[in-house]
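Heads up, the thing below is written out as structure tokens.
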Amino acid sequence: MFLLSILSIWGGVFYFLNKVFQSIAERQTDLEIKNSWKFWSWIILLIGLPAWIVIFILKDAWIILGLENSASFGVVLGIVNTLRFQDKSAPKWLDQLTTIIIITGVYLSVYAFGGLNNLGQFFELIASIGFLVGIWLLARNYPSGYIFFIVMNIGAFGLVYYQELYLLAVLQVLSI
């Protein structure tokens, strides 16, 4: 339990800071300042990502684990793109790799639990769908991607609350 508390603080705080930095970036008019905030939001997310991965391994949350692992590719791409000040759209191989990892996560979850018979798995699917659609829209410069991030936060809230990780649940609400 102590390990989960430390991981929750680590992952939750950096996840929340990522959202704060993204929000600041979206309000900037100067492209250089905007990209600087986006760069730091990606770095902050990357620092918190290992904690989330360990939490989901410890909680047998394989669907969302696949989501978080695939997110690492997007984070690295975001860092590279902001450093280069280039187009932020994701390459096709990244979409395909993310899809493969998510399908693998769904398969592992269904295999581990003998089907979709766990409320946590339902929340994992909601979070995964919100993330995938949100990233797809944002990569194509559609601000409506943030609406799907809210769907992701709702699914993630349900999952971490169900897993009795209440600090992370509060941070999901604040992220919305």
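The values are calculated or read from the model by the stated rules, or taken from the named source; none is laboratory data. Everything numeric in this text was worked out from a predicted model, so none of it was measured. Note: ideal-geometry Cβ built from the backbone for every residue, glycine included; neighbour counts use all protein chains shown. To get the accessible areas, we keep the full protein, side chains included, count just its heavy atoms, and leave off ligands, DNA and RNA. Shrake-Rupley method; radii C 1.70, N 1.55, O 1.52, S 1.80 Å.
What spacing in nm lies between the two simple spin-label points modelled at LEU83 and MET1, each 7 Å away from Cα in the Cβ direction?
4.3
Enter the accessible area per residue of the stretch 1-91 (Å², integer; probe 1.4 Å; all protein chains in place).
Working: 4650 Å² over 91 residues.
With the other protein chains kept in place, the stretch 1-91 gives 51 Å² per residue.
Give the share of C-alpha pairs in each 5 angstrom bin for the chain, from 0 to the last occupied bin, in whole percents, shortest bins first.
Final binned percentages: 1, 9, 17, 23, 21, 15, 8, 4, 1, 0, 0.
Could you work out how far apart the two model spin labels at PHE113 and ILE47 are, taking each label as a point 7 Å from the Cα in the direction of the beta carbon, and quote it in nm?
For PHE113 paired with ILE47, the spin-label model returns 3.3 nm.
Taking the Cα-to-Cβ direction at VAL170 and at LYS92 and moving 7 Å from each Cα, how far apart do the two end points lie in nm?
If labels sit at VAL170 and LYS92, their model points lie 4.7 nm apart.
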